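Below you'll find the structure, written out as structure tokens, and then a few comments.
Every read-out reported here was derived from the displayed coordinates using simple, explicitly stated rules and does not represent laboratory data. Keep in mind that this is a model prediction, so the values were computed, not measured. Methodologically, a virtual Cβ is constructed for each residue, glycine included, from the backbone with ideal geometry; neighbour enumeration extends over all protein chains shown.
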Amino acid sequence: MSGHQDDLAGNGARLDGKRRLARTEQLGREANDKLTAALTSAERDQLMRLLARVATPDEPCAGA
């Protein structure tokens, strides 16, 4: 393949990756909506705060 064709193939792969990422994010949002549907708004907010703490790398006990 020539350099130009390689560049075009790379762009196509990036576009495919972006589409896959967007689809994965959409499916994740839909799954989260279904999994948290039975929670109250306050419970959902508490869950999101707890998940954010787990995902935050600068949490005080992160190095433990």
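The phi-based Karplus calculation (6.51 cos²θ - 1.76 cosθ + 1.60; θ = phi - 60°) puts the 3J(HN,Hα) values of segment 31-39 at 5, 4, 4, 5, 5, 9, 4, 7, 7 Hz, whole numbers, x for Gly and Pro.
Once the C-beta distance of Ala37 and Asp58 is scaled by a Förster radius of 35 Å, the resulting FRET efficiency is 0.65 to the nearest 0.05.
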